[in-house]
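Colleague: Below: one structure in structure tokens.
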Amino acid sequence: MKKLLFLIVALSFSLPLFSQTSYYYPPGYFGLFNNQSTSARAQGMGFTTLTRAGIENSFYNPASIGSSKAPIQAYANYANGHSYRPDSRYYFVGGAFKLNQKIAVGLSYFSYQNPDPVWTTIIGGQTFDTDFFSQHAISILGAYEIMEGLQAGLSLNLMQENAVDGEKTNSDFIPSLGIQYERQVELFKGETFKNQRVFGALSLYNFLFQGETNQTYQDAESVAYMPIILRLGGGYAFQLPLQSGLTAGKGYFRGAAQAVDLRLDLQFQDYLPGGPENSTDHELNTAFGVGAEAWFFERLALRIGYFTEKGPSGTQPDGDIWVTGNRAGFSWGYGTLIPTSSLTDGKLPFDIEVNLVTGKQITSLNEEIYTHPSIFADDTFQFALGLNLLWR
């Protein structure tokens, strides 16, 4: 409550009289769709999740659980921070396994939590103070290999928002579809470029076009836009020989290839029209990401990416001034593969992949037209951690 009072006072004296400032609140389930990723690895590469294998990317493309070569997948991810919801936290856990060579099934849980939020909750024109705001999605997943390299996936997602002190205010059952394709190619001939592959992917979240979510609390009720999300992605990967006497056959690097594996990914995302009459929320949620990754000796990884997402800015027709705008900036990350199976002589049947994002978070605060309250500048540090158990 003290944060809210401080914010109101700051906004009151920061702009000319009669102007109304607005921090953009994206449409339904914004904490899950518009903020941090379920994968620290993908987040370090400009949020490029679509073409990647594994349960950690299944919230964006359910076909990903089929693309993984591992018989069992287990993953956990944590991320923090947001431009103007500074105490935001994001948790993801998931697991999947292969029923046979063609069919994979999985289950995941993704949660956005904001304790002691700066903002109140507005439902049906009524304002409710809250000490805890959260959203979560439970997903049941299945994937099938149609032909070699081509996976199709389906997810059934139970969404829920607890917008006032942990009380359920809306829930929805949303299905999604996705495909992933991987193919060996030889774009560059010769002995230098090895294991060349191209990737393609497409997903449609909410493919039944259920464009509305009903939010209710006590006697208040409102209808908001439920995102209908189209995603397209592509990628290219190859391997270059890299000899090093410091690593070849030694301890941590025992059994690792003497090479560097390089990958480039691109991703496009767009919200499609739908929902309540005259809703234009879909017009402010087009995004693009590009990322590059290098794995050295199959043990150490470095990543960099760029991400941009369309948002509102400037003065609106009703006179309101949007003080948030496009979300854009560079991301980076790093990781390592701990060969626990090799180090324990097979006593542990899995390796552990650890991925991290540390650095300044990508922000949507528009500093050119407005000086924001310091509460939004206290936590500009972005931290994300992903742990992946890779069964052998």
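Colleague: Which number in (1) crowded, with 24+ Cβ neighbours inside 10 Å; (2) farther than 18 Å from residue 108 by Cβ marks the one condition that residue 60 misses?
Modeller: (2)
Colleague: For residue 126, only one of the following conditions fails: (1) over 23 Å from residue 61 (Cβ atoms); (2) free of Cβ contacts under 8 Å to residues at least 24 places away in the same chain. What is its number?
Modeller: (2)
Colleague: Does at least one position in the stretch 303-313 carry a residue that is open to solvent by 30 Å² or more (accessible area, probe 1.4 Å) and of a type in the set (A, V, I, L, M, F, W, C)? It would help to see each step written out before you state the result.
Modeller: Taking the stretch 303-313 and keeping what is open to solvent by 30 Å² or more (accessible area, probe 1.4 Å), we get 304, 306, 308, 310, 313.
The next check asks that each one be of a type in the set (A, V, I, L, M, F, W, C); those that pass are 304.
Within the stretch 303-313 (the criterion being open to solvent by 30 Å² or more (accessible area, probe 1.4 Å) and of a type in the set (A, V, I, L, M, F, W, C)), the answer is yes, since at least one residue qualifies.
Colleague: Are any of the residues in the stretch 377-389 aromatic (Phe, Trp, Tyr), closer than 25 Å to residue 88 by Cα and open to solvent by 50 Å² or more (accessible area, probe 1.4 Å)? It would help to see each step written out before you state the result.
Modeller: Restricting attention to the stretch 377-389, the residues satisfying the condition of being aromatic (Phe, Trp, Tyr) are 381, 383.
Remaining after also requiring closer than 25 Å to residue 88 by Cα: 381, 383.
When the remaining residues are screened for being open to solvent by 50 Å² or more (accessible area, probe 1.4 Å), the result is 381, 383.
Yes: the stretch 377-389 contains one or more residues that are aromatic (Phe, Trp, Tyr), closer than 25 Å to residue 88 by Cα and open to solvent by 50 Å² or more (accessible area, probe 1.4 Å).
Colleague: Is it the case that the stretch 170-181 has a residue that's within 18 Å of the chain's Cα centre (by Cα), surrounded by 14 or more Cβ atoms within 10 Å (Cβ to Cβ), in contact (Cβ under 8 Å) with a residue 24 or more places away in the chain and more than 30 Å from residue 100 (Cα to Cα)?
Modeller: Checking the stretch 170-181: not a single residue is within 18 Å of the chain's Cα centre (by Cα), surrounded by 14 or more Cβ atoms within 10 Å (Cβ to Cβ), in contact (Cβ under 8 Å) with a residue 24 or more places away in the chain and more than 30 Å from residue 100 (Cα to Cα).
Colleague: Looking only at strands (runs of 3 or more DSSP E) that lie completely in the stretch 122-176, which have at least 2 residues being within 17 Å of residue 205 (Cβ to Cβ)?
Modeller: Passing ranges, in order: 132-147, 150-162.
Colleague: Right, next: So in the stretch 184-218, with the set limited to residues that are among the β-branched types (Val, Ile, Thr) and either in contact with a Cys (Cβ under 7 Å, 6 or more places away or on another chain) or touching a residue at least 24 places away in the same chain (Cβ under 8 Å) (or both), which one is least open to solvent (accessible area, probe 1.4 Å)?
Modeller: Looking only at the stretch 184-218, we keep the residues that are among the β-branched types (Val, Ile, Thr), and these are 185, 192, 198, 213, 216.
Filter once more, so that each one left must be either in contact with a Cys (Cβ under 7 Å, 6 or more places away or on another chain) or touching a residue at least 24 places away in the same chain (Cβ under 8 Å) (or both): 192, 198, 213, 216.
Values: 192: 79, 198: 44, 213: 3, 216: 58 Å².
Only one residue tops the list, namely 213.
Colleague: Shifting gears a bit: Run residue 221 past the list (1) open to solvent by 70 Å² or more (accessible area, probe 1.4 Å); (2) assigned to a strand (DSSP E or B); (3) free of Cβ contacts under 8 Å to residues at least 40 places away in the same chain; (4) more than 17 Å from residue 31 (Cα to Cα) and report the number of the one that doesn't hold.
Modeller: (3)
Colleague: Among the residues in the stretch 265-278, are any modelled with pLDDT of 85 or more, of a type in the set (Phe, Trp, Tyr) and more than 30 Å from residue 170 (Cα to Cα)? Please lay out each step first, then the result.
Modeller: Within the stretch 265-278, the first condition is being modelled with pLDDT of 85 or more, and the residues that meet it are 265-276.
Still in the list and also of a type in the set (Phe, Trp, Tyr): 268, 271.
From what is left, the residues that are more than 30 Å from residue 170 (Cα to Cα) are none.
Within the stretch 265-278, not a single residue is modelled with pLDDT of 85 or more, of a type in the set (Phe, Trp, Tyr) and more than 30 Å from residue 170 (Cα to Cα).
Colleague: On to the next question. Tell me, which residue of the stretch 186-203 that is assigned to a strand (DSSP E or B) and not hydrophobic (A, V, I, L, M, F, W, C) is nearest to residue 231 (Cα to Cα)? It would help to see each step written out before you state the result.
Modeller: Taking the stretch 186-203 first, the residues assigned to a strand (DSSP E or B) are 194-203.
Those left that are additionally not hydrophobic (A, V, I, L, M, F, W, C): 194-197, 200, 203.
Numbers: 194: 29, 195: 26, 196: 24, 197: 21, 200: 11, 203: 5 Å.
Once the filter is applied, the top-ranked residue is 203.
The values are calculated or read from the model by the stated rules, or taken from the named source; none is laboratory data. The structure presented is a predicted model; accordingly, all values stated were derived computationally and were not measured. For neighbour counting, all protein chains shown are included, and Cβ atoms are generated from backbone atoms with ideal geometry for every residue, glycine included. Only protein heavy atoms, including side chains, enter the accessible area calculation; ligands, DNA and RNA are left aside. Shrake-Rupley method; radii C 1.70, N 1.55, O 1.52, S 1.80 Å.
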